[in-house]
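Here the structure is laid out as structure tokens; the discussion comes afterwards.
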Amino acid sequence: MSTYDVIIPAGGRLDEEFSKVVATNSKALIRFDGRTVLERTITAFRESGAVRRIVVVGSTEVCESAEGASADECLREGATGPENIFRGLDYLVEDGSVSDRVLICTCDLPFIDADVVKLFLSLCNENKDFCVPLIAEPDYSEAYPQAEATFVGLRDGVFTTGCLYNVRPEALRKAIHHIDRLFVNRKSKIGMARVLGMRFVLLLLMKRLTIRDVEDKVHELLGCTGQAVADSPPELAYDVDYLEDYHYAMQTFRTMRKTPSMH
């Protein structure tokens, strides 16, 4: 297995109602079973045996937590998610020889662990510039029955994407302006249609696209090759965006404590 550097952009904030329930306004500092999501994420990468340096990007409070959780460095956050990613990448490049591959992981995955990381990495084709986890709806629904997620229908099936990315650093730098554009338009259907092209969007809505079509669109947009990593673990798709996600995860952890592990 290759050795990776890791960037964890941890700038996500919670709304007032959510913050009151979990006693923090930071996604990364939500606690499950006595550990923050940040601690769980860092531990997953450390125990995978596949990583060299872990760089967290977040607030002062997040950085204080990261220092106690064996992160190698914590950088102060910027204004956007992409800015935080590139702050982490700049640090890794300037600090010394950056690994051939970098892992970027969001900090709102309560069920991530070392086995999840290792399984995803084992499925990646590292001849591709970007490897993005793809999770089929049946696999997600089996792992998290009745949990909400955003799925997209393709000719190959119905899928959602995960939140751990395996990338080539030089390809990430090459794609910076396109990534910023996608980020700005991510919540606008009209904006995304402009970015992706109306024909692509129409074919997507008609469920006539294949996984290969999506990979080709990534190549067209970013000028880089991409792999949608089929059969990725569903733990990479369960993120905590809303209060309902938190309550569901808490209930799942309670159930897991009552059920003896089969491993």
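The values are calculated or read from the model by the stated rules, or taken from the named source; none is laboratory data. These numbers were taken from a predicted model, which means no experiment stands behind them. Heads up, the Cβs are rebuilt from the backbone with ideal geometry, glycines too, and the neighbour counts pull from every protein chain shown. Accessible surface is based on the protein model in full, side chains and every heavy atom, while ligands, DNA and RNA are left aside. Shrake-Rupley method; radii C 1.70, N 1.55, O 1.52, S 1.80 Å.
Rounded to the nearest whole Hz, the Karplus-based 3J(HN,Hα) values (6.51 cos²θ - 1.76 cosθ + 1.60, θ = phi - 60°) of the range 20-34 follow the sequence 5, 5, 9, 6, 7, 9, 10, 4, 5, 9, 5, 9, 10, 6, x, with x at glycine and proline. From the coordinates of this entry, P(r) over Cα pairs in 10 Å bins from 0, in percent is computed, and it appears in (1) 7, 32, 38, 18, 4, 0, 0; (2) 7, 30, 34, 19, 8, 2, 0; (3) 7, 29, 38, 22, 4, 0 under the label (3). Protection proxy ranking, highest mean first, for peptides 168-178, 52-62, 66-76, 80-90: 52-62, 80-90, 66-76, 168-178, where packing is the per-residue count of other beta-carbon atoms within 10 Å, averaged. Taking each residue as 0.36 nm, the span from Ser2 to Leu243 lengthens on full extension beyond its C-alpha to C-alpha distance by 83.1 nm. Ordered by solvent-accessible area of protein heavy atoms (1.4 Å probe), largest first, the residues Asp156, Asp108 come out as Asp156, Asp108. Annotation: cysteines of the chain without a disulfide-compatible partner (Cβ-Cβ under 4.7 angstrom) are Cys105, Cys107, Cys163, Cys224. Projecting the Cα atoms of Ser70, Gly157, Ala147 onto the charge dipole of the range 58-166, computed from C-beta unit charges around the Cα centre, puts Gly157 farthest toward the positive end. Residues Phe130, Phe45, sorted by accessible area with the largest first, give Phe130, Phe45 [1.4 Å probe; ligands and nucleic acids excluded]. According to the square roots a ≥ b ≥ c of the eigenvalues of the Cα gyration tensor, what is the shape class of the range 1-91, taking rounded for a/c under 1.5, prolate for a/b larger than b/c otherwise, and oblate for the remainder? Oblate, because a/c is 1.5 or more while a/b does not exceed b/c. For the chain, the solvent-accessible area of protein heavy atoms averages 52 Å² per residue (probe radius 1.4 Å; ligands and nucleic acids excluded).
Using just its DSSP H runs of length 4 or more, each adding -39500 (n - 2.57), the chain gives a mean residue ellipticity at 222 nm of -13000 deg cm²/dmol after division by all residues. Run the accessible area of the chain with a 1.4 Å probe and give the carbon-and-sulfur part as a rounded percent. Within the chain, the accessible surface is 51 percent carbon and sulfur. Shown in residue order for the range 65-77 are the 3J(HN,Hα) couplings computed by the Karplus curve 6.51 cos²θ - 1.76 cosθ + 1.60 at θ = phi - 60°: 5, 5, 5, x, 10, 6, 6, 7, 7, 10, 9, 5, 5 Hz (x for Gly and Pro).
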